[in-house]
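Worksheet for the structure shown next.
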Amino acid sequence: MKSELMATSTHIRVLLVDDDVEIGELLARYLEKFGIACLAVTDGKAMRQQLARSSFDLILLDLMLPGEDGLSLLSSLRHDPKTRHIPILMLTARGECSDKVTGLELGADDYVVKPFDARELVARIYTVLRRSNNEPQARPATPNKEIIFNRRRLDCQSRQLTTMENKVIPLSNAEFRLLMAFIERPERVLSREQLLDIARGKSVDMFDRSIDLLVSRLRRKLDDDPSEPTMLKTVRGEGYMFTLQA
């Protein structure tokens, strides 16, 4: 039977951060069959060295690492202007929901639980990259736009959110997509399913709770009181509505 995942001559560059050298070697050989060039490193120090000298399309980040763990690395990647927009796919042997939720809260784009099927990993890599690469084309009107609201300034080209005092507020890929979805649809009730499609796309293990977490994170970053939100309002039983404030 012909594989649904076809190899391509155009290489995607992926940085794998996993302390299991054998898994790194096996994954690199397997991903190569699908046009994915994978460079494997074993810790955060080596990860930063590679990011400083090369560019990558996606990072595969294991949570269980010696020294600085994956969640700490994920947080630092999302706070660094040079890496905050690189899609990140978590690899974890932990099945607990709390670990997945923490990773998503910190800005991961998706996750795969070990042991995983290699074909599933390839599919998820392509899905995350497709969502990331389609974002600029999906909104032709926004590249040079600057939006000012609630004493915040959103530069749609750099995807940078700042206060009026020029303090940078880091946004993950999913947070930016969700914020743009709200800004482009003010005073409209958007269901969790609609927001899930916009923020992450249809992914096997994604759930409505992810949107609640993203909204909660955005409220904190926008100083929107969660007990009485004035911008990101909860519409009970339906979803959320955004009120754009000057």
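Could you list, in sequence order, all residues of the stretch 156-174 that are of a type in the set (D, E, K, R) and either over 29 Å from residue 111 (Cβ atoms) or modelled with pLDDT of 85 or more (or both)? Write out each step before concluding.
So the first thing to find is which residues in the stretch 156-174 are of a type in the set (D, E, K, R), and the list is 159, 165, 167.
Result: 165, 167.
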Tally the residues that are touching a residue at least 60 places away in the same chain (Cβ under 8 Å) and not hydrophobic (A, V, I, L, M, F, W, C), restricting the search to the stretch 167-187. 4
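Filter the stretch 216-226 for residues that are part of a loop (DSSP other than H, G, I, E, B) and modelled with pLDDT of 85 or more; which is farthest from the chain's Cα centre (by Cα)?
Filtering the stretch 216-226 down to residues part of a loop (DSSP other than H, G, I, E, B) leaves 222-226.
Applying the additional criterion that residues be modelled with pLDDT of 85 or more yields 222-225.
Details: 222: 19, 223: 22, 224: 22, 225: 24 Å.
For the stretch 216-226, the residue satisfying everything is 225.
Of the residues 213, 195, 178, only one is closer than 19 Å to residue 111 by Cα, at pLDDT 80 or above and surrounded by fewer than 18 Cβ atoms within 10 Å (Cβ to Cβ); which? Walk me through how you get there before you give the answer.
Details: 195 fails: surrounded by fewer than 18 Cβ atoms within 10 Å (Cβ to Cβ); 178 fails: surrounded by fewer than 18 Cβ atoms within 10 Å (Cβ to Cβ).
Of the residues listed, the single one that is closer than 19 Å to residue 111 by Cα, at pLDDT 80 or above and surrounded by fewer than 18 Cβ atoms within 10 Å (Cβ to Cβ) is 213.
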Selection within the stretch 119-149 - at pLDDT 75 or above and more than 29 Å from residue 36 (Cα to Cα): 146, 147, 148, 149
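From the set of residues in the stretch 63-74 that are small (Gly, Ala, Ser) and surrounded by fewer than 16 Cβ atoms within 10 Å (Cβ to Cβ), which is farthest from residue 125 (Cα to Cα)?
As a first pass, look at the stretch 63-74 and keep what is small (Gly, Ala, Ser): 67, 70, 72.
Subsequent filtering for residues that are surrounded by fewer than 16 Cβ atoms within 10 Å (Cβ to Cβ) retains 67, 72.
On the way: 67: 26, 72: 22 Å.
It comes out as 67.
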In the stretch 61-83, anything touching a helix residue (DSSP H, G or I) at 6+ places or on another chain (Cβ under 8 Å) and more than 16 Å from residue 102 (Cβ to Cβ) is listed as 67, 82, 83
Suppose we keep only residues that are of a type in the set (Ser, Thr, Tyr) and modelled with pLDDT under 80 within the stretch 93-118. Which one would you say is nearest to residue 28 (Cα to Cα)? 102
Out of curiosity, is residue 91 touching a residue at least 60 places away in the same chain (Cβ under 8 Å) and closer than 23 Å to residue 21 by Cβ? yes
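Take residue 39 and tell me if it is in a strand (DSSP E or B), modelled with pLDDT of 85 or more, surrounded by 11 or more Cβ atoms within 10 Å (Cβ to Cβ) and not small (Gly, Ala, Ser).
Numbers: in a strand (DSSP E or B): yes; modelled with pLDDT of 85 or more: yes; surrounded by 11 or more Cβ atoms within 10 Å (Cβ to Cβ): yes; not small (Gly, Ala, Ser): yes.
Criteria met by residue 39.
Condition first: part of a loop (DSSP other than H, G, I, E, B), in contact with a Leu (Cβ under 8 Å, 6 or more places away or on another chain) and farther than 18 Å from residue 12 by Cβ. Now tell me which residues in the stretch 63-89 satisfy that.
The initial filter retains those residues of the stretch 63-89 that are part of a loop (DSSP other than H, G, I, E, B), namely 63-69, 80-87.
Then keep just the ones that are in contact with a Leu (Cβ under 8 Å, 6 or more places away or on another chain); that gives 63, 65, 69, 82-84, 86-87.
Hits for the stretch 63-89 are 63, 65, 69, 82, 84.
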Test of understanding: among 60, 31, which residue is in a strand (DSSP E or B), touching a Leu at 6+ places or on another chain (Cβ under 9 Å) and either surrounded by 17 or more Cβ atoms within 10 Å (Cβ to Cβ) or of a type outside the set (A, V, I, L, M) (or both)? 60
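The values are calculated or read from the model by the stated rules, or taken from the named source; none is laboratory data. Quick caveat: nothing in here was measured; it's all calculated off a predicted structure. With ideal geometry, Cβ positions are generated from the backbone for all residues, glycine too; neighbour counts draw on all protein chains shown.
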